[in-house]
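**Q** Dropping the structure in here first, questions after.
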Amino acid sequence: MVRLTITVQGVVQGVGFRPFIHAAATTRGLAGWVRNRTDGVRIEVEGPGPAVGDFLFALPREAPPAARLAELEVVEVPPLHEAGFHILDSEPDAPPRPSVTPDLASCAACLEEVASPDARRFRYPFTNCTRCGPRWTLLESLPYDRPRTSMRRFALCADCEAEYRNPVDRRFHAQPIACPTCGPGVSLLSEEGTWLGEGEAALRAAVEAVRAGKVLALQGLGGFHLVVDATCPEAVLLLRQRKQRPEKPFAVMFPSLEALRVACEGSSEEEAVLTSSEAPILLVRKRASGGVVEAVAPGNPWLGALLPYTPLHALLLSLAGRPLVCTSGNLSDEPLCREPAEALERLRAVADVFLVHERPIVRPVEDSVVRVGPEGPEVLRRARGYAPLPLPLRDAPCVLGLGGQLKGTVALSVGGQVVVSSHLGDLGSVEGVRLLEHTVEDLLRLLEARPVALACDLHPDYASTRLGERLSAEWGVPLLRVQHHHAHVAACMAEHGVSGPVLGLAWDGAGLGTDGTLWGGEALVVEGARFRRVAHLRPFLLPGGERAFREPRRAALGLLHALEGAGAAAHLRESFAPGQVEVLLGMLARGVQSPVTSSMGRLFDAVAALTGVRDREGFEGQAAMALEFAAGEGEAEPYPLPLRDGEPAVADWEPLARALLSDRRRGVPPPLMAARFHAALAVLAESIALRVGVPHVVLSGGCFQNARLLREVRARLRARGFHVYSPRLYPPNDGGLSLGQVAVAARALVDGPVGRVACRSTR
Ligand code: ZN
Ligand code: ZN
Ligand code: FE
């Protein structure tokens, strides 16, 4: 007789792990118990040696697919000679470790049940099991058990209770278990909040409204979506107008993979991502004649496509029988609406009808956005399905990172791991700031964490920085200010477990540099908590400051002004209203309201304007995207973009700009100019890497969302023998900043005062 105590850490709660253990033990005739603890799962098994050994062997091999076993600790203890194997109540003991799963898309078995007329859950929108369904969006506290989820208010009926207690049932200890008898239901409300119907009738009326060209506000898994018919131009334009979102692409949900194939081209790897339990919005190539109207993603060869990930979505889409636009239920740049009352108030002017449900959403979670690159999936917006999966960060003290401004996230290191919140969006609104504050409180409370330090950006005006300053004073802990691009590089290093030294190419929109100018075309050598700026783009001025961020023509004027002074007007006069060029040139000449930048994103803007691809923007990054799409796939002779010696070295865009102007005069087509520009950047990356001579190169920053740029730079560097790392599970854009801040600050605290030089502490 042998008895073992086994402690399992990792993602082991809410994934059917205890039922799996129960089955694995009972089929081998073993006695003992299993229980959730705040820091993972504890098992005691007892039986003949070979059977116990076999059980131990099966643990990592046969665990449910969504489980991730990080650590397994086994201790032999004296046998107790007990009988039977039991699932015991959870034991809140050790401080919680991040061991909960994200929400999982509906499994095939549940979807089949919802579609079978004889099943108890026929057409029931909240069907789930241990392999699928909500987790993170309904978790109130740890450990993960029904009384600590928003399902606690629904008492189980006898049938559900029996399934919940039956070890061989798929719903054995499925915490969100529900059925039409005992679980939540849906209702349809008018824009005034008048009750219009419930259940199946509500679903049908909601779909009818959408098919008639109306806007539906749909309360889903992690918040509200706005839904319109993606095949109806008037409906899409109506939504654009009401949501005040003129051009930014919308995501489209398809009834099935077959329907998706009609509108988009997807490789088998892309289809695997679409049908995974993460079920993100995936960027796929759209077909010209696919039926989805152009206004969904104007001028964009890609479509953000997704498949139904809850039975509610599956039912609606099959009733609709066509693709539906499914976009965040918010006004432009505000966070997602979560509760019916809030949606009725904030979305009244946008939606015609509201389909709401009774299962409270504990925290808002948006859809993730993913692209499949040459080396696999790349997460561009990390939320549902990915957050809050932790990342190992060895020996890290407890640090809270507050992230950036436009794509807010919060990161918390605790117990040797770091958890990054889901995408919070723009923090520019009152609601955005409130969401940031709630997210911080939520993470700290759930994980019972007491940070010994805070980390934020250098930028004093980010809402995240201001919250950091406030919390630092309230808690009496230091606030470490991490330079924006240092954080970009550090995030990618943390993801890949690389400690440096690395050469980080942080090609980005703009972030405040240590010299007070706007950086963004940076090459940093990062080691430990420190960085050295080894190269950057030649700086130029942005006339009008903030406004230049939405007007690529201003970046172009700033660039040409540096070369030709007042003569720059001649190249750009037709882009501006009469007289405007002169005003801006005056500002440039006197240096008023014209911040200095070395931003790669602004160089993209300038080139987009000079090539005639795009001189104004409807949303952030639109011009750079248009330039990428214009460049297509073809090879091109790179523009000259020499690296001038110095400490740091300077990438001089002057020859590039002159060659581009000469191409323009000769009538070279914009796609070729765009391709030559991309090729020039790949050569620049190679020159920097060769000059610096560090064998490991990290590519990060918003510009690397550009698939062509990433591919070309990576290929050039690899051909020279460099090891190249780029972000995969955490976004290259500002959504990754909080992770990088935590990584840098944690390292600075471990390394002591020397390491801390890289970040500026206010205490
Ligand atoms: Zn299921
Ligand atoms: Zn029930
Ligand atoms: Fe950035």
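The values are calculated or read from the model by the stated rules, or taken from the named source; none is laboratory data. The model shown is predicted, which means the values in this text are computed figures rather than measured ones. All Cβ positions, even for glycine, are placed from backbone atoms using ideal geometry, and neighbour counts span all protein chains on display. These accessible areas exclude ligands, DNA and RNA; they are computed on the full protein's heavy atoms, side chains included. Shrake-Rupley method; radii C 1.70, N 1.55, O 1.52, S 1.80 Å.
**Q** About the Cα centre, and with charges only on the beta carbon of Lys, Arg (+1) and Asp, Glu (-1), how big is the dipole of the chain? Nearest 20 debye, please.
**A** Charge dipole of the chain: 1080 debye, to the nearest 20.
**Q** Between beta-carbons, use under 9 Å as the cut-off and find the net charge around L563, counting Lys and Arg +1, Asp and Glu -1. Let's see the in-between values first.
**A** On the way: positive: R658; negative: E564, E654.
Local net charge: -1.
**Q** Can you tell me the order of 403-412, 450-459 when each peptide is scored by its average per-residue count of other Cβ atoms within 10 angstrom, highest first?
**A** 403-412, 450-459
**Q** Per residue, how much accessible area does region 108-165 show when a 1.4 Å probe rolls over the protein heavy atoms, in square angstrom?
**A** For region 108-165, the per-residue accessible area is 41 Å².
**Q** Also, quick follow-up: Of G528, G667, L681, which is farthest towards the positive pole of the chain's charge dipole, taken about the Cα centre with +1 and -1 on the beta-carbons of Lys, Arg and Asp, Glu respectively?
**A** G667
**Q** Sorting check: for 174-183, 685-694, 518-527, which peptide has the highest mean count of neighbouring beta carbons within 10 Å, and how do the rest follow?
**A** 518-527, 174-183, 685-694
**Q** Enter the angle in degrees (range 0 to 90, nearest 10) between the Cα long axis of helix 622-631 and the first principal axis of the Cα atoms of the chain, meaning the one along which they spread out most.
**A** 80 degrees
**Q** For the Cα atoms of the chain, what angle does the longest principal axis make with the long axis of helix 17-27, in degrees from 0 to 90, nearest 10?
**A** On a 0 to 90 degree scale, this one is about 40.
**Q** Hey, what angle do you get for helix 670-692 against the long axis of the chain, alpha-carbon based, 0 to 90 degrees rounded to 10?
**A** 80 degrees
**Q** Of P642, Q241, P543, which is farthest along the charge dipole of the chain in the positive direction, counting Lys and Arg as +1 and Asp and Glu as -1 at C-beta?
**A** P642
**Q** About the Cα centre of region 186-357, what is the dipole size in debye to 20, counting +1 per Lys and Arg Cβ and -1 per Asp and Glu Cβ, all else neutral?
**A** Numbers: 16 positive and 21 negative charges, 77 e Å.
Using Cβ point charges on Lys, Arg, Asp and Glu, region 186-357 gives about 360 debye.
**Q** Does region 285-419 come out rounded, prolate or oblate by the C-alpha gyration tensor, with a ≥ b ≥ c the root eigenvalues, rounded set by a/c under 1.5 and, if not, prolate when a/b is larger than b/c and oblate if not?
**A** In terms of gyration-tensor shape, oblate.
**Q** Say the dipole of region 108-165 comes from +1 at the beta carbon of Lys and Arg and -1 at that of Asp and Glu; which of G133, A108, S150 then lies farthest toward its positive end?
**A** S150
**Q** Continuing with the same structure: How much net charge surrounds F172 when only other residues with a Cβ under 10 Å from its Cβ are counted (Lys, Arg +1; Asp, Glu -1)?
**A** Values: positive: R18, R165, R170, R171; negative: E163, D169.
Once all neighbours under 10 Å are counted, the net charge is +2.
**Q** Could you run the Debye sum over the Cα atoms of the chain, one equal point scatterer each and no solvent, and tell me log10 of I(q)/I(0) at q = 0.07, 0.09, 0.10 Å⁻¹, two decimals?
**A** Normalising to I(0) and taking log10 leaves -0.53, -0.87, -1.05.
**Q** Per residue, how much accessible area does region 1-93 show when a 1.4 Å probe rolls over the protein heavy atoms, in square angstrom?
**A** Working: 4070 Å² over 93 residues.
Spelled out: the 1.4 Å probe surface of region 1-93, per residue, equals 44 Å².
**Q** Rounded, prolate or oblate for region 541-648? Axes are the square roots of the Cα gyration tensor eigenvalues, ordered a ≥ b ≥ c, and the cut-off for rounded is a/c under 1.5.
**A** oblate
**Q** Rank these by accessible area, largest first, 1.4 Å probe: M1, M600.
**A** Reading off the accessible areas and sorting them downward yields M1, M600.
**Q** With both partners inside region 371-483, how many of the DSSP beta bridges are antiparallel, as a percent to the nearest 5?
**A** Here the share of antiparallel DSSP bridges comes out near 65 percent.
**Q** I would also like to ask the following. For the chain, what is the percent of antiparallel DSSP beta bridges, rounded to the nearest 5?
**A** 75 percent
**Q** Dipole magnitude of region 2-87 about its Cα centre, charges +1 at Lys/Arg Cβ and -1 at Asp/Glu Cβ only, in debye to the nearest 20?
**A** About 240 debye.
**Q** Counting only protein heavy atoms, what percent of the accessible surface of region 618-708 is carbon or sulfur at a 1.4 Å probe?
**A** For region 618-708, the apolar C and S fraction of the accessible surface comes to 55 percent.
**Q** If we count every other residue with Cβ under 12 angstrom of R718's Cβ, Lys/Arg +1 and Asp/Glu -1, where does the sum land?
**A** Neighbour charge sum, excluding R718 itself: +1.
**Q** Please give the calculated 222 nm ellipticity per residue for the chain, where each DSSP H segment of at least 4 residues contributes -39500 (n - 2.57) and the sum is spread over every residue; nearest 500 deg cm²/dmol?
**A** Value at 222 nm, helices only: -10000 deg cm²/dmol.
**Q** What's the ranking of 586-592, 363-369, 254-260 by average number of surrounding C-beta atoms within 10 Å, highest first?
**A** Packing proxy ranking, top to bottom: 363-369, 254-260, 586-592.
**Q** Under the definition of Cα pairs under 8 Å and six or more residues apart, what whole-number percent is the relative contact order of the chain? Let's see the in-between values first.
**A** Numbers: 1849 pairs, mean separation 86.0, N = 763.
Reported as a whole number, the value is 11 percent.
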